[in-house]
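Asks: Can you keep this structure in mind? I'll have questions shortly.
The values are calculated or read from the model by the stated rules, or taken from the named source; none is laboratory data. Predicted model, so just to flag it, every value in this text is computed and none were measured. Using ideal geometry, Cβ is built from the backbone for each residue, glycine included, and neighbour counts are taken over all protein chains shown. Areas reflect the complete protein model, heavy atoms only, side chains present, ligands, DNA and RNA absent. Shrake-Rupley method; radii C 1.70, N 1.55, O 1.52, S 1.80 Å.
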Amino acid sequence: MTLRLCFGTFIALLDLCKYNITQERLIAETVRIIDPASRYIKDRTACNKLKKCQINFRLDSGYFNDVPSIASVKECMKNKIIPFIDENKITTIILSLLYIIQNESRNKTLKEEYLKKFFSADSSQLLTEKEFVFSEFLSRILLYTLYSGINNKIGSNCIKFITEDFINEKISPYTEDCQWISPTETLVLSFRKEFTLFNEALGNYAVKKFIEETDPTNQIYDECLENCENFLVYIRDNIWVPFGQNSIGKMLQMIHDFSQTLDDYTTYWGKNMLPFSSNPSVFIPRHRDENPRWAINFEKTVSDYRQQLIKIYDKACKYMLFEPMN
């Protein structure tokens, strides 16, 4: 599925999540924020074509040089559009727009220069941000779609994908991984916060390097066990306990699965390795030399644990980027 961010796809998402307002009025009120004299406010045929990505957006004046401020658009968005958006679907809108931006970033179709202009961040920065103020985010999206020279017709092939099925398949899995703070109209992407802490801890405690590079069938140092134990304590205290109080989303579950597998892994080689006689800080397989069959089973079990850990980590990385985790 290839999705493009234009005025039509933006409106299609808002239309899916609106309530107590017609599609025509939703488009008219959105357009009015930018262009109070726009023909799309009263011309229902043109309005419908705009939403279907059959025509390009045109200002009444014909000029796109005078760009409204973020602050002015945000104020209008708060008063004219957001009251007609189902609050329970705000998370869906923000995540869907981020999904489309991620999709465009992957396909290198984003207008990075304008994205940076309207978001004060490039796509790589935007796609790692962890908190979004709803009215401000919508305002920046609206300005990006209208003032970046984007051909509205690019959305004609992907409008058909922006449906309830799209939301259920691509977006709904993330809703438990976010927290909506109504008083500040801010969406906190908990899964990004969790993954950032998790990923940093993997490096700080050398766990990722240990899993990928250290082979217990040869030898390991006691420092490895200490690092793993400290990592597990950190994950419990800084991710599982604070974030698990709100909900247990997919990212938190993956981090839990990784931690449990790592704990099982260290327990396994803790029971099946012993200190090297000439250097107690080095551990070697308990029966490696005298029991070939045992050594083969040990090697297979170690390999299975390492592959499980790598697979869970890869799934978490893909989840961060809205990629399939199959």
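Asks: Please give me the summed charge of the neighbours of Lys89: other residues whose Cβ is under 14 Å from its Cβ, Lys and Arg +1, Asp and Glu -1. Numbers along the way, then the final one.
Replies: On the way: positive: Lys18; negative: Asp15, Asp86, Glu87, Glu164, Glu185.
Within the 14 Å Cβ shell, the charges total -4.
Asks: Among the listed pairs Lys78/Lys111; Lys80/Lys111; Lys52/Lys315; Lys116/Lys160, which have their C-alpha atoms separated by more than 31 angstrom in this model? Each step should come with its number before you reach the end.
Replies: Values: Lys78/Lys111 26 Å; Lys80/Lys111 28 Å; Lys52/Lys315 35 Å; Lys116/Lys160 28 Å.
Long pairs (Cα-Cα over 31 Å): Lys52/Lys315.
Asks: Find the percent of Cα-Cα distances in the stretch 14-123 that exceed 25 Å, and round it to a whole number.
Replies: Here the long-distance tail beyond 25 Å is 29 percent of all Cα pairs in the stretch 14-123.
Asks: Please go through the residue pairs Lys250/Lys318; Lys51/Lys117; Lys208/Lys311; Lys74/Lys117 and name each one whose alpha carbons sit more than 18 Å apart in this structure.
Replies: Numbers: Lys250/Lys318 12 Å; Lys51/Lys117 25 Å; Lys208/Lys311 12 Å; Lys74/Lys117 16 Å.
Violating the 18 Å limit, Cα to Cα: Lys51/Lys117.
Asks: Using a 1.4 Å probe over the heavy atoms of the protein chains, calculate the carbon and sulfur portion of the accessible area of the chain as a whole percent. Can you show the working numbers first?
Replies: Working: 7500 of 16260 Å².
Roughly 46 percent of what the probe reaches on the chain is carbon or sulfur.
Asks: Continuing with the same structure: Where only protein heavy atoms count, and the probe is 1.4 Å, what is the accessible area per residue for the stretch 18-95 in Å²? Working shown, then result.
Replies: On the way: 4360 Å² over 78 residues.
Averaged over the residues of the stretch 18-95, the accessible area is 56 Å².
Asks: Additional query: For Asn20, project a label point 7 Å along Cα to C-beta. Then give me every residue of the stretch 60-93 with its amide nitrogen under 11 Å of that point.
Replies: 83-87, by backbone N distance to the label point.
Asks: Could you tell me which label, among (i) 56, 53, 33; (ii) 75, 54, 33; (iii) 86, 37, 33, carries the value of Cα extents along the principal axes in Å calculated for this structure?
Replies: So the structure-derived entry is (iii).
Asks: Note down the magnitude of the dipole of the stretch 25-156 about its Cα centre, charges +1 on Lys and Arg C-beta and -1 on Asp and Glu C-beta and zero elsewhere, to the nearest 20 debye. Don't jump to the answer; show the numbers that get you there.
Replies: On the way: 21 positive and 15 negative charges, 111 e Å.
It works out to roughly 540 debye.
Asks: Right, another one. Suppose a student asked you for the relative contact order of the chain, using Cα pairs under 8 Å spaced at least 6 residues apart; what percent would you report? If you can, show how the numbers build up before the last one.
Replies: On the way: 386 pairs, mean separation 58.6, N = 326.
Taking the mean separation of contacting Cα pairs over the length of the chain, I get 18 percent.
Asks: Per residue of the chain, what 222 nm ellipticity follows from adding -39500 (n - 2.57) for every DSSP H run with n ≥ 4, rounded to the nearest 500?
Replies: On the way: 14 runs with 172 residues, N = 326.
That calculation yields -16500 deg cm²/dmol at 222 nm.
Asks: Give the accessible surface of the stretch 114-154 per residue, rounded to a whole number of Å², with probe radius 1.4 Å and ligands, DNA and RNA excluded.
Replies: Values: 1480 Å² over 41 residues.
That works out to 36 Å² for each residue.
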